[in-house]
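Below is one structure; the comments refer to it alone.
Just so it is clear, none of the values below were taken in a lab; they were calculated from the coordinates. Just so it is clear, the structure is predicted and the values come from calculations on it, not from any experiment. Cβ placement follows ideal geometry from the backbone for every residue including glycine, while neighbour counts extend to all protein chains displayed.
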């Protein structure tokens, strides 16, 4: 697999992780107990949304795949065939068809047929009160668009160290009173063993960063910044998701101001105002304990 495919796989797996964080896992006893909820009903609508949005954006197309009960017309699962031949869905991310081959027949829909897709999805527009009651196709489409934009711009996310080129310039906007001495001190603080940095990189250039501190199972966001040219691309949200995937905290906390509080509330943080030294501030928390428990 080449570097481009590796980048695509990493980002699609991040998309899958974010979907699982939204909808969790099946908690009702049965054959699908513990499975990702997105794969227990809404797999057809997810695949259809991904199919449409990917093929609108990229030259190399994806196709829809049905996992069929052997010697039967019963569809067990619906997912995507990526251009490199691997499979993808919202629950397991990028994976091989070997996962299914021994127990199921694999059928590629080489010519798109909306009626067949609707039939094998048991209705593309239905609700899923038993296994995925909070499913929203609008939320899913927004997530897919965000990650496809990252793929299109070839943006990768990786851990960085305090000596990363341009870090001082990128992190500056998230530092209060960012004098040269203050920026230098902030970067030195990230040399401590419980502090970490994750960068977003485009064309080998740092364009965004999140810095956080770990205290036990709690992650505390200290800094998050995206350069102007890449704002409104969902990179800040993805950096927070990267943090969650990297250290699986029980909660993520931070402090913010009036300008940014709406961003955090929109992505699931509970924000409480308090009087700070420089006016109204907000203490924000996202509790992830139930999600982590459901993964075990």
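Details
- Relative contact order, percent, the stretch 155-295 [alpha-carbon distance under 8 Å, six or more residues apart]: 19
- Burial order of peptide ranges 65-72, 15-22 (average beta-carbon count within 10 Å, highest first): 15-22, 65-72
- Taking each residue as 0.36 nm, the span from residue 251 to residue 98 lengthens on full extension beyond its C-alpha to C-alpha distance by 51.5 nm.
- With respect to the chain, whose longest principal axis is taken over its alpha-carbon atoms, helix 180-189 is tilted by about 50°.
- Full-extension gain in nm, residue 274 to residue 169, via 0.36 nm per residue minus C-alpha separation: 34.8 nm
- With Cα atoms, 0 to 90° folded angle of helix 43-57 axis to the chain main axis: 70
- Averaged over residues, the count of other Cβ atoms within 10 Å places the peptides 180-191, 232-243, 154-165 in the sequence 232-243, 154-165, 180-191, highest first.
- Taken along the Cα-to-beta-carbon direction at a fixed 7 Å, the label points for residue 56 and residue 108 span 2.5 nm.
- Modelled FRET efficiency - R0 51 Å, residue 74 with residue 218, Cβ distances, 0.05 increments: 0.65
- For the chain, relative contact order (Cα pairs under 8 Å, six or more residues apart, normalised by length) works out to 14 percent.
- Shape class of the stretch 155-295 from the alpha-carbon gyration tensor: rounded, with the ratio a/c of largest to smallest axis under 1.5.
- For the chain, the longest principal axis of the alpha carbon atoms and the long axis of helix 3-23 meet at an angle near 90°.
- The stretch 3-152: C-alpha gyration tensor shape, a/c 1.5 cut-off, then a/b vs b/c: rounded
- The stretch 13-44 and the stretch 225-296 have their alpha-carbon centroids 23 Å apart.
- For Kirkwood radius over Cα pairs in Å, computed directly from the structure shown, the correct entry in (i) 23.5; (ii) 19.9; (iii) 20.8 is (iii).
- Sequence-separation-based contact order of the stretch 230-292, relative, with Cα cut under 8 Å and 6+ spacing, percent: 36
- Entry note, the chain: the mean residue ellipticity at 222 nm calculated from DSSP H runs of n ≥ 4, each adding -39500 (n - 2.57), is -10500 deg cm²/dmol after division by the residues and rounding to the nearest 500.
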